[in-house]
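The values are calculated or read from the model by the stated rules, or taken from the named source; none is laboratory data. Note that the coordinates shown come from a computational prediction; the quantities given were computed from them, not determined experimentally. Every residue, glycine as well, gets a Cβ built from its backbone with ideal geometry; the counts of neighbours run over all protein chains shown.
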Amino acid sequence: MSFLGTRVHLITGKGGVGRTTVSVGLALAAAARGKRVLISEVGDPEGGYSAVGRHFGLEALGHKPQAVAPGIDACHLWGRTGHELFGRSIIPAGPLISAALRSRALQGFMMATPGVYELGIFYHLLQLLEAKGDDGRLRHDFVIVDMPATGHAMALAKLPATVLGLMPRGPIADAMRRGQGVLYSANHTAAWVVTLPERLPVSESLELLEGLHATSVPVGGAILNRVQTDPFDVAERKALDAFVESSPVMGQVAFGRVDKSKAEIERLEQSTDQRVVHLPEILELRDRDICRGVSAALLEHEAAAS
């Protein structure tokens, strides 16, 4: 599957695997190829901090897209914003809707009610996907969503079918069907599971891939982040194995980590028929350099795929 040939990319995975770094790297790669990019992340209006924004020198992002780099806009997806947008679409009294939703009591109720928060996130994303510029074209032809942790990602993936099963008619049902037309179409959307070549992340990514496969969201595959390059050939490794086994030496743990990494990569590839994209470990000190390295690696994969 081509990265740049698909409009919407849902990036998910266990915390700490580099999900945001991959999202930003993909945004940079798409912008380098002339795409009008929107990168978004699920956030909390009260939280302030933005993992995506930090990569562009910003501590926080708002709910409206703002330019953060040439060809790249970024924003938070907020449940409250989605609730407001939906309320305004069906009730003319927009200011009253906004005031009511800022009530802490109502916010607490909506956050605690299963599915209501995700419903707001979904509707906010739908509005961004449908937004058009003054020229009548879609404002963004490449959209990346840095998804939350795996549980929330699965809840969002299942949301349209769940809601339509409960309320098949009405404005909410209409919005769910519009969202399905984009997010459930392999021509428009791909979900990617970011992982590391380590035992626990690989196990969790296989569970997530299986879970996503059971929904209607098209799966692009797994993205293996921070894959180590083995500097030794087969003969050198055989000689070094014997040397390491003979007595403890400095670097022994790192040497063994390469073999463990290879074993986990093999386990991942043998356990799924989904595409597995390898991203090399980038030993840079600054986040921006790492994201540029990820961008370059993704463009290499894109060139190879075409």
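Laid out as a table, the results:
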| read-out | value |
| --- | --- |
| Residue in segment 166-175 that is surrounded by 21 or more Cβ atoms within 10 Å (Cβ to Cβ) and assigned to a loop (DSSP other than H, G, I, E, B) present | no |
| Which numbered condition residue 69 fails, given (1) modelled with pLDDT of 95 or more; (2) among the hydrophobic types (A, V, I, L, M, F, W, C); (3) out of contact with any Lys or Arg (no Cβ under 7 Å at 6 or more places or on another chain); (4) buried (at least 22 other Cβ atoms within 10 Å of the Cβ) | (4) |
| Filtered residues of segment 156-183 (kept if among the β-branched types (Val, Ile, Thr) and more than 19 Å from the chain's Cα centre (by Cα)) | 162, 163, 172 |
| Candidates 19, 33, filtered to the one that is among the charged types (D, E, K, R), in contact with a Gly (Cβ under 6 Å, 6 or more places away or on another chain) and at pLDDT 90 or above | 19 |
| Residue check, residue 175 at pLDDT 85 or above, among the hydrophobic types (A, V, I, L, M, F, W, C) and within 24 Å of residue 84 (Cα to Cα) | yes |
| Residue within segment 42-53 that is in contact with a strand residue (DSSP E or B) (Cβ under 6 Å, 6 or more places away or on another chain) and part of a helix (DSSP H, G or I) present | yes |
| Top-ranked residue in segment 229-281 [being part of a loop (DSSP other than H, G, I, E, B) and at pLDDT 85 or above; ranked as surrounded by the most Cβ atoms within 10 Å (Cβ to Cβ)] | 274 |
